[in-house]
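What follows is a set of notes on a single structure, which appears directly below.
Since every read-out is calculated from the coordinates, none of them should be taken as a lab result. On a predicted model such as this, the values are computed, not experimentally measured, just so you know. Backbone-built Cβ (ideal geometry, glycine too); neighbour counts: all protein chains shown.
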Ligand SMILES: [Cu+2]
């Protein structure tokens with residue numbers, strides 16, 4: 001099997017070389033070349049044919065669900081349902097959503113809360129809802145094994161043990177995750193620590209702003225175009241909280257943005273149009289030790305980052321949130337799916353307005369203490385090799401996802417090092433369910449300061465090895481597995497996923 005894979009790989013190499021020659025030829029023949037390169041070499045993602053996409057609406061803020069108190073538990077109700085939006089003048093866009101027409105409400109939870117979430121499926125087809133980043137029993141994870149048939153309600157019940165951070169929920173049905181998320185199913189969790197005495201912006205919708213960033217392709221009739229291409233669907237229209245390149249009215253003070261890359265496949269390189277400095281304060285699963293100054297923030301699919309941006313004294317000015325995608329290096333150009341990978345583009349416009357009454361006026365010097373797991377604590381090291389070619393299976397350690405095969409068995413209370421190697425020419429964000437990990441090394445070097453916090457998803461660039469350290473605690477189940485997978489949703493659906501049990 002392994003031998004066969006290697007042979008396939010060699011064949012792909014030569015096909016890649018052939019395509020490169022074709023590209024160079026096209027450039028030489030046509031002079032301009034760019035469009036042709038794009039047409040010949042893209043992975044099949046079309047671009048929007050709708051010319052009158054409505055942009056520049058006010059940024060929608062998802063409703064905040066605080067749950068209702070019942071027998072000492074907080075109960076939340078989510079209904080997955082078809083909806084309708086207007087993205088193209090005079091046209092209706094059919095969507096899927098939780099409790100509305102696009103995306104879902106933000107679930108506010110507190111560390112220590114016992115929560116019950118009733119998830120009702122009215123989509124007309126089966127799906128699941130996974131709690132991305134949450135530490136919970138495997139049977140409550142909402143992965144491919146917790147199918148919710150159309151018309152059914154699945155009840156998830158667990159205690160919030162996570163640190164203060166931003167998490168999210170989305171469907172995770174075997175083979176259908178990409179399509180379901182693309183059509184609008186995703187929402188955020190905000191976990192707060194009642195013990196925290198940090199002075200951070202926390203007025204939801206005012207100075208504490210969720211930003212779910214996604215890209216889509218629109219057809220002329222207004223519908224979402226989902227081409228389902230193998231390498232990952234990348235759109236050419238950018239939505240924040242379900243609105244295309246919207247405008248956010250920011251108060252002239254420190255604003256906290258909770259960024260989620262909720263896209264199917266696109267990696268962003270966020271920054272601002274004036275190249276201003278901002279501070280990252282949180283990673284996927286917790287606050288950093290101290291604010292980290294940045295001018296660029298790379299965020300792959302599934303990852304979250306909390307940042308603080310200082311708009312003090314900037315009333316009546318404007319700045320744009322931009323993705324400087326062309327600066328992303330180490331991505332083989334042959335794999336780029338569209339011209340946007342080679343450019344910078346707007347995500348959102350920020351109109352700075354008057355400050356609120358009692359704004360946060362300073363950055364905290366320190367944020368959190370992180371229990372740094374040490375390499376010496378690890379019981380073992382497990383290799384994970386991610387592979388894909390132009391065709392053939394997408395694999396981890398040579399195998400595609402099989403719902404009936406457990407790939408890894410881990411002992412409860414063990415600490416392990418997982419060594420993730422990307423043996424392909426596309427970047428892959430590697431996600432592990434249930435736990436938060438720390439990055440030990442990225443290609444042999446310690447991670448950047450803004451990645452040195454709790455993570456559940458880490459981008460592994462082509463030919464790179466990332467070593468992460470994980471402690472498996474609290475929940476064991478010899479039968480029900482958790483998943484590990486690439487968070488490019490089309491790769492996941494194509495088999496770049498495996499299962500582990502904790503026993
Ligand atoms: Cu991938």
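With a cut-off of 14 Å on the backbone N, the residues of region 263-293 near the modelled label site 7 Å out from residue 365 along Cα-Cβ are 290-291. Label-to-label distance for residue 226 and residue 381 is 4.0 nm, based on points extended 7 Å past Cα in the beta-carbon direction. With R₀ fixed at 30 Å, the C-beta to C-beta distance from residue 47 to residue 327 puts the FRET efficiency at about 0.85. For region 64-192, relative contact order (Cα pairs under 8 Å, six or more residues apart, normalised by length) works out to 28 percent. Remark: the residue 374-residue 249 segment gains 40.6 nm on full extension, using 0.36 nm per residue and subtracting the alpha carbon distance. Across the chain, C-alpha contacts under 8 Å between residues 6 or more apart give a mean separation that, scaled by the residue count, equals a relative contact order of 15 percent. Across the alpha-carbon atoms of the chain, the computed radius of gyration and Dmax are 22.0, 73 angstrom.
Look at where the Cα atoms of region 128-186 and of region 68-99 average out, and the two centres are 15 Å apart. In the chain, what % of DSSP beta bridges are antiparallel (nearest 5)? Bridges in the chain are about 70 percent antiparallel. Distance between the 7 Å Cα→Cβ label points at residue 448 and residue 57: 3.3 nm.
A simple spin-label model places the labels of residue 277 and residue 289 1.9 nm from each other, with each point 7 Å out along Cα-to-Cβ.
At full extension, residue 94 and residue 356 could sit 90.6 nm farther apart than now, given 0.36 nm per residue minus the alpha carbon distance.
Placing a label point 7 Å from the Cα of residue 64 along the Cα-to-Cβ direction, the residues of region 104-128 whose backbone N falls under 13 Å from that point are 106-110.
The length gained by stretching the chain between residue 139 and residue 219 to full extension, at 0.36 nm per residue less their Cα-Cα distance, is 24.9 nm.
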